[in-house]
Amino acid sequence: MTIRSAYLAAATIAGALLFLAGQALLPSLPDELGPAFAGMVEHRDRLMAARLLTSAGAFLLVPAVVGIALHFRDSNRGARLVLVATTLFGVATFSNAVSQAVEGYVGWGATAPGADPATGRRIVGDLGAGLIGIPIGFWSIPAFALGGLLLAAGLWRTGRVPTWLPITLAAGVVLAGAFAGRGYVVALTQAPFTVALVALGLIVWGSELPESVPDAVPAGARLS
């Protein structure tokens with residue numbers, strides 16, 4: 001184990017756990033803005049805590065995917081797919097982290113005691129609109145899921161992890177997407193995703209990652 005592998009492994013494990021905690025803490029809100037805003041006012045403190053925990057976890061998953069990509073960089077099979085998957089996953093989780101933080105603070109201000117509800121609803125409803133809202137747009141959610149599924153496929157291709165790990169990761173991505181925003185039940189439905197990430201963190205922990213970053217994929221690595 002090197003200092004680099006220890007740091008990246010710790011980021012993977014901490015990110016997975018914080019992300020799970022934040023997602024499980026999110027209150028279940030209606031899809032329509034009016035009723036949803038009323039729920040935001042009712043669960044103001046809980047929603048802010050959930051957003052910040054999710055944001056912290058999502059930010060930590062950025063260095064996490066670096067560790068995963070480096071660990072599997074010398075795989076003869078699946079290395080390129082792992083690299084593509086971790087790149088997509090990393091970009092998506094960074095955007096999601098920024099989005100969660102922005103939504104948390106904007107929602108906190110819009111639902112402040114004494115704030116005009118109509119103004120607050122308009123601010124929340126317009127958040128992320130237009131070209132300037134692209135960095136915090138909804139696109140990061142399907143990109144996050146696609147990155148996770150591609151990573152599961154890449155890990156399977158490498159043949160360097162137990163069979164249950166990519167299966168658990170893929171199932172976890174699907175369950176996490178299907179039950180997102182459903183309240184405390186997410187602590188159970190997102191558990192497979194968290195377990196898979198923690199397992200990857202432990203794998204990275206035990207690896208000998210170099211202190212300087214080499215080429216991510218060797219010339220001989222191939223996708224199939």
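The values are calculated or read from the model by the stated rules, or taken from the named source; none is laboratory data. It should be emphasised that the depicted structure is a prediction, and the values quoted were computed from it without experimental measurement. Using ideal geometry, Cβ is built from the backbone for each residue, glycine included, and neighbour counts are taken over all protein chains shown. All accessible areas refer to the heavy atoms of the entire protein, side chains included, with ligands and DNA or RNA removed. Shrake-Rupley method; radii C 1.70, N 1.55, O 1.52, S 1.80 Å.
Annotations
- Of the residues contained in segment 145-157, none is found to be farther than 30 Å from residue 76 by Cα and in a helix (DSSP H, G or I).
- Residue count for segment 193-224, restricted to those that are touching a Leu at 6+ places or on another chain (Cβ under 8 Å), surrounded by fewer than 20 Cβ atoms within 10 Å (Cβ to Cβ) and modelled with pLDDT of 85 or more: 2.
- Any chance residue 139 is at pLDDT 95 or above and out of contact with any helix residue (DSSP H, G or I) (no Cβ under 6 Å at 6 or more places or on another chain): no
- Checked against the criteria, residue 68 does not count as without any contact (Cβ under 8 Å) to a residue 60 or more places away in the chain and out of contact with any strand residue (DSSP E or B) (no Cβ under 6 Å at 6 or more places or on another chain).
- Filtered residues of segment 116-135 (kept if under 22 Å from residue 45 (Cβ atoms) and open to solvent by less than 40 Å² (accessible area, probe 1.4 Å)): 120, 124
- Of all the criteria given as (1) of a type outside the set (D, E, K, R); (2) surrounded by fewer than 14 Cβ atoms within 10 Å (Cβ to Cβ); (3) modelled with pLDDT under 95, the one not satisfied by residue 164 is (3).
- Index of the failed condition, residue 28 passing every other in (1) part of a helix (DSSP H, G or I); (2) of a type in the set (S, T, N, Q); (3) more than 15 Å from the chain's Cα centre (by Cα): (1)
- Filter pass, residue 94 being aromatic (Phe, Trp, Tyr) and crowded, with 21+ Cβ neighbours inside 10 Å: no
- Considering segment 71-85, and only residues there that are in a helix (DSSP H, G or I) and open to solvent by less than 10 Å² (accessible area, probe 1.4 Å), the residue that is farthest from residue 147 (Cα to Cα) turns out to be 79.
- Pairs linking a residue in segment 183-207 that is without any contact (Cβ under 8 Å) to a residue 60 or more places away in the chain and within 14 Å of residue 166 (Cα to Cα) to a residue that is open to solvent by 30 Å² or more (accessible area, probe 1.4 Å) and of a type in the set (Gly, Ala, Ser), with Cβ atoms under 7 Å and 6 or more positions apart or on different chains, are 192/171.
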